[in-house]
Amino acid sequence: MKKYEIVYIIHPDLEGSTAKITEKAKSMVEKSGGQVLNEENWGKKKLAYEIKKNTFGIYVFMLVEMEADSMREIERTLRLSEEIIRSMIVLAEEEIPAKVSEKKTKAVKKEEKELKVEKPQKAKQEKKPAKTKAEKEIEEKERQKVLDEKLQAIIGPEEES
């Protein structure tokens, strides 16, 4: 048997009968030969987008263990139910033992520290003394002269008429 996560959204107008609808879904799973391992009512929340002209919905989460063939029937029943406006069933991931995950986080933190040490520090930029106006003018004249020479070489000697 596989573990599945079921999340379904109950119509917001049925807020008073949430327990009844949840029991109905729970009994449906048990009749199909499954077992409800965990059940949580996440409460009334705003939807990301309108579903069947509703902006709010009551979220319910269930962790169940059952056969894949039975899960198809559960999915069909949830889809056809008028009380439930949307449902989603996914295969649950295997739980990671706490010790393994702690070791991984420690290793990741250690690697991050090593990377921080290895990063080269920004080279200090040396400040160059500011050029005077006279120096700037001389550089500009030299640049203009070089450009004129290059243009003259491209165009050719001027022909006087």
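Just so it is clear, none of the values below were taken in a lab; they were calculated from the coordinates. Note that the structure is predicted; figures quoted are calculated from it, not measured. Every residue, glycine among them, receives a Cβ derived from its backbone with ideal geometry; neighbour counts consider all protein chains shown.
About the Cα centre of region 2-91, what is the dipole size in debye to 20, counting +1 per Lys and Arg Cβ and -1 per Asp and Glu Cβ, all else neutral?
Details: 15 positive and 15 negative charges, 56 e Å.
Rounded to the nearest 20 debye, it is 280 debye.
Once you divide the Cα radius of gyration of region 2-91 by 2.2 N^0.38 Å, the number left is 1.03.
Grab the beta carbon distance between Ala68 and Glu112, set R0 = 45 Å, and tell me the FRET efficiency rounded to 0.05. Could you put the intermediate results ahead of the total?
Working: r = 41 Å, r/R0 = 0.91.
Efficiency at R0 = 45 Å is approximately 0.65.
For the peptides 7-13, 44-50, 80-86, the ranking by mean Cβ contacts within 10 Å, running from highest to lowest, is 7-13, 80-86, 44-50.
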